[in-house]
1. Tally the residues that are among the charged types (D, E, K, R) and surrounded by 16 or more Cβ atoms within 10 Å (Cβ to Cβ), restricting the search to region 23-69.
2. Which ones in region 94-148 are free of Cβ contacts under 8 Å to residues at least 40 places away in the same chain and touching a Cys at 6+ places or on another chain (Cβ under 7 Å)?
3. Which one is surrounded by the fewest Cβ atoms within 10 Å (Cβ to Cβ), of the residues in region 149-159 that are more than 20 Å from residue 102 (Cβ to Cβ) and in contact (Cβ under 8 Å) with a residue 24 or more places away in the chain?
4. Any residue in region 218-235 that is under 16 Å from residue 267 (Cα atoms) and among the small types (Gly, Ala, Ser)?
5. Please find, within region 1-53, the residue that is nearest to residue 276 (Cα to Cα) out of those that are assigned to a helix (DSSP H, G or I) and of a type in the set (Val, Ile, Thr).
6. Looking for whichever is buried (at least 19 other Cβ atoms within 10 Å of the Cβ) and free of Cβ contacts under 8 Å to residues at least 24 places away in the same chain here; the options are 310, 289. Which one fits?
7. Conditions: (1) assigned by TED's automatic domain parsing to the domain that holds residue 218; (2) touching a residue at least 60 places away in the same chain (Cβ under 8 Å); (3) not β-branched (Val, Ile, Thr). Residue 357 meets all but one. Number of the miss?
8. Could you say which residue among 157, 167, 135 is under 17 Å from residue 116 (Cα atoms) and in contact with a Pro (Cβ under 8 Å, 6 or more places away or on another chain)?
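The values are calculated or read from the model by the stated rules, or taken from the named source; none is laboratory data. These figures come from a predicted structure and were not determined experimentally. All Cβ positions, glycine included, derive from the backbone under ideal geometry; neighbour counts span all protein chains shown.
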Amino acid sequence: MKIVHVLTRGDVLGGAQSHVRELAIELRRRGHDVTVITGAPGIFSEQLRQLGIPWLQVKSLVRPLRPHLDLAALVELCHAFRHLQPDLVCAHTAKAGSLARAAARLRRIPSVFTPHGWSMVNRASLRPIPIYCWAEAVAGRLGARVINVCEFERSFAEQFRVCPANALEVVHNGIAETALVRRRPVDAQPPVIVMVARFASQKDHGTLLQALSGLLNMDWRLLLVGTGELQPLVIAQLNTLGLGSRIRILPPETDVGHLLMEAQIFVLSTHFEALPISILEAMRAGMPVLATDVGGISEAVRHNETGLLVRRGDILSLRNALASMISDPTLRLAMGTAGRTRWTAQFTATTMATRTLEVYQRALAIH
């Protein structure tokens, strides 16, 4: 099968980019012809180049709404599809999702869409954005299927009627096995805590810092991996709370795989998620996961079995959960082991690719 994946940005490495990378590798391993199209080049397009995955740039494809550029991107995508002659177009994220499905419809090519977190809701307030709800409903009629990365996302899409309910699919994210081995045991003391997340309003570094500020009598270290417009505010907060000597901020280019093999606790404090790749990476590394119970996180993390889930914005609950993991190495090891077993059974790249191909076949059959 000849498949083209389209997503807006090639200059960042977020969940959508990781998803497309893992899927492209697995599909090519199975003999499919895969090309990836993005807007601006950068860390993701460079990864594709190193992996030998064909990549094309649509220069007009940008994240903000820019009518003149959006029209130009639509034309560029039509030209690219005419040249590539794919059997299927796979669109990812809101902007590329709309434009790629429209271009595919104009070229009479079947398409599927994976939102990686619906754009029709404000990810900080969780309130629907009417104009985006309307836009998603219009775009939802252009493709054959919509692949949600978790059941929460599917229910969300059904609630807002972004497409016919029978077009909604669920395929959980998956990641490939790693050859890395653990360099510091999960039950080692003192524990190193890791959070991998952009410094953006969707994430909730503030609650995590306030929770940790009440645990200064315990021995721990926190590593924050990421960048973003709110980084200065996070730095100011951690200094105000007296956490400066306990916390380091690492750049997004950090080798997270190696980092997780040295750390003991993974945490994700957040306001809104679909099914984060970072949590699956932690489970693969045999780490316990402590996360906010939002979106599809509970579909991966089993509370009191593979990790601990807390209410959104609940400082005290997060503090108590952190205290439990920091003080109990045996608990960390048991939860980490159970998480690794769960990842192996349900969240590998092989499982994701198999289920995704089944959706592709249904999309082609409809067309």
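1. Adding up the residues that qualify gives 2.
2. 103, 106, 107, 140, 141, 146
3. Narrowing region 149-159 to residues more than 20 Å from residue 102 (Cβ to Cβ): 149-156, 158-159.
From what is left, the residues that are in contact (Cβ under 8 Å) with a residue 24 or more places away in the chain are 149-153, 156.
Details: 149: 28, 150: 23, 151: 14, 152: 19, 153: 25, 156: 22.
The extreme case among them is 151.
4. Yes, region 218-235 contains at least one residue that is under 16 Å from residue 267 (Cα atoms) and among the small types (Gly, Ala, Ser).
5. 20
6. The match here is 310.
7. (1)
8. Numbers: 167 fails: in contact with a Pro (Cβ under 8 Å, 6 or more places away or on another chain); 135 fails: in contact with a Pro (Cβ under 8 Å, 6 or more places away or on another chain).
Among 157, 167, 135, only 157 is under 17 Å from residue 116 (Cα atoms) and in contact with a Pro (Cβ under 8 Å, 6 or more places away or on another chain).
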